[in-house]
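> Quick one: this structure, given as structure tokens, is what I'll be asking you about.
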Amino acid sequence: MSIRFQVNGEEVEVGSDGASTLILALRNELGLKGTRFGCGEENCGACNVMIDDRLHYACSIFVEDVTGKRVETVEGLRGPVADALRAALAEAGAGQCGYCLSGIFVTAHDLLSRRQRPSMVEVKQALSRNLCRCGAHLGILRAVAAAIDTVVASGGYDEA
């Protein structure tokens, strides 16, 4: 069985069983290792990706369910919000082991792309489904706050 969809702006075709999960196709067939397998039960957020501009867990969606859709992984996110997040997370040393950061990055990118100047309450709420086993939450929150400030300072958000 062959399934076609778009990943990070490129058309791809995977030969996996349609009942296989998206994370397995991304990692094993397409070599995109940024999306991480954490729990397999939508409880940790390590596998978060964007599908047609909506946040999804790649561990629980079947490959056949993304036929003809657009998937964006941590490797494919670009632009001012992505640049600000990458720089802020690195500067803050936000992840100790870093295993959770790809899912956190995708989740934070989704929030910052949809919501101008989100409050820390909104940031915490958005990230509440992302688990960091190292306990680096405060550094991660500081980094997201710094990224918001960077996007605002660079004019990335319209004045409202």
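The values are calculated or read from the model by the stated rules, or taken from the named source; none is laboratory data. Fair warning: this is a prediction, and the values are worked out from it, not measured in the lab. Please note: Cβ atoms are built from the backbone with ideal geometry, for glycine as well, and neighbour counts cover all protein chains shown.
> Any residue in segment 116-134 that is modelled with pLDDT under 95, over 22 Å from Arg36 (Cβ atoms), not in a helix (DSSP H, G or I) and not assigned by TED's automatic domain parsing to the domain that holds Glu10?
Taking every residue of segment 116-134 in turn, at least one turns out to be modelled with pLDDT under 95, over 22 Å from Arg36 (Cβ atoms), not in a helix (DSSP H, G or I) and not assigned by TED's automatic domain parsing to the domain that holds Glu10.
> Looking at this structure, is Val71 of a type outside the set (Ser, Thr, Tyr) and in contact with a Phe, Trp or Tyr (Cβ under 7 Å, 6 or more places away or on another chain)?
yes
> So is Met50 modelled with pLDDT of 95 or more and either assigned by TED's automatic domain parsing to the domain that holds Val7 or closer than 28 Å to Val14 by Cβ (or both) or not?
Against the criterion (modelled with pLDDT of 95 or more and either assigned by TED's automatic domain parsing to the domain that holds Val7 or closer than 28 Å to Val14 by Cβ (or both)), Met50 qualifies.
> When the residues of segment 37-50 are narrowed to those that are more than 10 Å from the chain's Cα centre (by Cα) and surrounded by 18 or more Cβ atoms within 10 Å (Cβ to Cβ), which ends up farthest from Arg115 (Cα to Cα)?
Restricting to residues being more than 10 Å from the chain's Cα centre (by Cα) and surrounded by 18 or more Cβ atoms within 10 Å (Cβ to Cβ), the top hit is Gly38.
> Read through the list (1) assigned to a helix (DSSP H, G or I); (2) over 14 Å from the mean Cα position of the chain (by Cα); (3) not aromatic (Phe, Trp, Tyr), then give the number of the only condition that Leu112 fails.
Of the numbered conditions (1) assigned to a helix (DSSP H, G or I); (2) over 14 Å from the mean Cα position of the chain (by Cα); (3) not aromatic (Phe, Trp, Tyr), the odd one out for Leu112 is (2).
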